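Following: one structure in structure tokens, then a few remarks.
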Amino acid sequence: LPSLPPEFACASRAPDCGCKGMMDLESQQGPRAASAQRQQSCLGDEGCPSISRDTSQWTLRTRRTTSSTSSRSRRGLTVYDQDFDIEPPEEFLQFQGEVHEPKDAMSSETTFPEGVSTAVEPYRTNAACKTLMLLGFFLGPFYLHYLWAHRRPESLAFGACFFIGELINFLLGSVNRFLLWHRQRRSVCRLDALVPAFPRGEWPKAHICFTHYMEPAADSVEPLRRAILQDYPAESFVVTLLDDGYHRRSADGGAFETTASGRQMEAAVLKTMASACPAGGARGVARTVREVSPVDRKDYRHEVAPGGSTVVEFRAPGLPLVRLVGRKKGPESFMKAGNLENALWHVMEEDAVFMVILDSDMAPVPEMLQTLLPPMLECRGGTWRPNWRTAFVESPQDFKNIEGAWGADDPMNQANKFFWRILPSSLDSMGFVPFWGTNAAFFVPALKDTRGFVYRCMSEDTVTGAQLHQLGWTSCFVGAALATGLCRESVTETFDQRKRWCQGNIQQLFIEWNPPFILHEDFRNPPYRHAFRQHLQETHASDAQGLLAVPISEDDTGAELRRARRSWTWRLKRQLAYFPTKQAFWYHVQPLYYYAITLAILFNGKPPFKLERSPVKTSWELLDRFYIVLAYWGVCALANFLAYSYVLGDANNPNSPLWRVQQEFWGYAWVRLIGIFEAVASAVSGKQPSWNALGAKGGVNWVYELPIATAFVAMVLSIVVVVVNYMASWHFGAALLPALPVAARVKPGAVLGAVMACSWVLVLMWPVTSCVLADIFRVPYYRLSAILTTLMAATVQVGISVFFFGASLSEDD
């Protein structure tokens, strides 16, 4: 094997370590010189990094970039780049590292009775939250009636547009709130604490699968090290790195050859195994290579690996089997779904029970397997076996580089706590927790029951989970962070990611809707989609006839329970659970609509409806006054507050998830709109949207970023123009632009209200916009945000004072 070029950080911090003075060297000669010296002094026996087996010690953390100042920081290609068949520059394949201490693992104080592997506890705020949700739903029609009945006569069309927007917002808001109807916390009993006892020798066989393309090899070192040190019998689990960047065709288009990335991954696996080997170092690790050909399996899926796969296996005493798998792809790779399909049908042993999926940078805690598997088990006859009801268990995504890249306030909402912490606690009560592509454990027979992972969808994870739910399988959510990885470190990469999610949402709608004569045949019927639809139709037909469910195998004890769940109420709940994803269009166009409405109010100087405050003579008339607007807004605000009560127990909460999710809602609106159009085009044309994690040349994607900055600046200039024009009409009796609000027609309070509404839009746009501007001016994201946020706060204070001072002078005159 070639020597590994990475730069390893010292893991031991021993007094006699050759790293002594490295910090001084770095300050004097720069990080590269210090890293080179550290590499020479910190390698242990057999040239292996000194990484301790004791998980309580310092561990190695890798990062993608050398800087976190802007999108100038670059990282390697991701699995979604692979159809472009690019050989990355050597600089993408280098290691760079630093040290940190791991987070504590999940612990639970719940006492589990005999035969119980998991327990749920409802949120104490559920009752109050449900009451407010129902009250808001009751007040909504009266609020809408008020908006329609009290439109301003001089702007009926404007009032009608505002009414339609609020009607849509009422429906979407109601769906969102009812999705959080019943929130619960799930506690899990570890495998080694189950009662009756579950002998370690009988624990089910599991495969931990890392999906990798051409990300830097450094990103996989710590995840691999933690995976092989799982608190699980070494003979009962296998760690597999599914490296889609291992092979590429030769220049003449003939044979497959191993890439530089593939060779570095081999070397990284070998050295990581050697460092964890109890004895013998690299000499204690046995390496073998075998080829998986299309004739090896009866259910071989030729479309994902027509040339077979190369499987490099590493074995060491006391450690699990580790595999590095490189498939030989055809003209179409099917991206991440094809990589996972290759593992599921071609590489994993047929007796594998569970499949754990992790992104290449996700480092698991030692008890990950012991925590993810129990919700899929039940005690039958004194023995723990799969319950045949739960298809997969999901855990939240957690990132360790947010503060280093973006600052403590997380302006791009990389933590995404609503989606990965708050919403799934409610979906868990319905059994519809979505699959997010990583940090999940699957029951393998359930995956095969739905014909595997879904092809030709940019978010194959969500659609695969949705198909499992269609057949009556449930899913669970474990709220502990069982694996920690790296978030995107540039604006362009983040926009690409969120755009892809939106594309997948729209594609999911088309996949389930399946309209004829509109969708391209390649998109409508990729491999095995027709087989799944036929299987689903036959299942529903059997259910309608009242026939007994057909078990998948002799051990399938959940067939009847899955059939019982496939009722009309189950389907209704499933539509509700997936409504925000499949109907993403309605959510993502709202910020653009409200931006236009706010500008219209600013230029008009008046809201689209009148404020009816005449005396109330009867109780019914109270519902026809402006008080109903205040009541509806207040009730919805309190319902949202209680729905996000997760934050009351969240110590790491620099910004409320409710606040950040609204700002993300506005900041990503433009790029999501692009995603919607590209998703529609791909479904009609049959060509998948391009996905380039490297971003645009120079690190700034002007198509993504310039419209956002322009919209922000346009709103600021609009406020300035309207205020200056109004002040001129107030003091001099003549306006520069008579069509805008002037003192003779509009009261100061109305103008102030319009300005405050626009300022609120600016506040919602600011976090993402600040990162866009930092990207353009090539400064750290957190620095520009801190400077401009403070400047804006000071300017608003002075601006309000000047406004009222000018109004006072006018009254004195």
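The values are calculated or read from the model by the stated rules, or taken from the named source; none is laboratory data. Remember, it's a predicted structure, so these values are computed and weren't measured experimentally. Glycine also receives a Cβ, built like all others from the backbone with ideal geometry; neighbour counts cover every protein chain displayed. Heads up: the accessible areas ignore ligands, DNA and RNA and are worked out on the full protein's heavy atoms, side chains in. Shrake-Rupley method; radii C 1.70, N 1.55, O 1.52, S 1.80 Å.
List of remarks:
- Among the residues listed as W384, W388, the single one being over 19 Å from the mean Cα position of the chain (by Cα), crowded, with 19+ Cβ neighbours inside 10 Å and in a loop (DSSP other than H, G, I, E, B): W388
- Taken over the stretch 143-161, the criterion of being of a type outside the set (G, A, S) and either part of a helix (DSSP H, G or I) or without any contact (Cβ under 8 Å) to a residue 12 or more places away in the chain (or both) is satisfied by Y143, L144, H145, Y146, L147, W148, P153, E154, L156, F158, C161.
- Restricting the stretch 754-799 to residues that are modelled with pLDDT of 90 or more and over 28 Å from the mean Cα position of the chain (by Cα), the residue that is surrounded by the fewest Cβ atoms within 10 Å (Cβ to Cβ): M756
- Complete set of residues in the stretch 714-753 that are assigned to a helix (DSSP H, G or I) and exposed (fewer than 15 other Cβ atoms within 10 Å of the Cβ): A714, V716, L717, V720, V724, H731, F732, G749
- Evaluated against (1) without any contact (Cβ under 8 Å) to a residue 24 or more places away in the chain; (2) of a type in the set (A, V, I, L, M); (3) farther than 26 Å from R385 by Cβ, L547 falls short on exactly one condition, (3).
- The stretch 141-176, subset more than 23 Å from K606 (Cβ to Cβ) and of a type in the set (A, V, I, L, M), residue most open to solvent (accessible area, probe 1.4 Å): L171
- Enumeration of residues in the stretch 177-191 that are closer than 20 Å to L658 by Cα, under 21 Å from the mean Cα position of the chain (by Cα) and open to solvent by 30 Å² or more (accessible area, probe 1.4 Å): R177, R185
- Output for the stretch 313-329, where each listed residue is part of a loop (DSSP other than H, G, I, E, B) and without any contact (Cβ under 8 Å) to a residue 60 or more places away in the chain: A316, P317
- Considering the stretch 472-574, the qualifying helices (runs of 4 or more DSSP H), each wholly inside and each with 2 or more residues that are open to solvent by 30 Å² or more (accessible area, probe 1.4 Å) and within 19 Å of D449 (Cα to Cα), run over 529-544, 559-565.
- The listed residue being on the phi < 0 side of the Ramachandran plot and buried (at least 19 other Cβ atoms within 10 Å of the Cβ), out of V295, V325, V311: V325
- In the stretch 432-453, the residues that are closer than 19 Å to L358 by Cβ and assigned to a loop (DSSP other than H, G, I, E, B) form Cβ pairs under 7 Å with partners that are among the hydroxyl-bearing types (S, T, Y) and open to solvent by 10 Å² or more (accessible area, probe 1.4 Å), at six or more places apart or across chains, as follows: P434/T462; F435/T462; G452/Y528.
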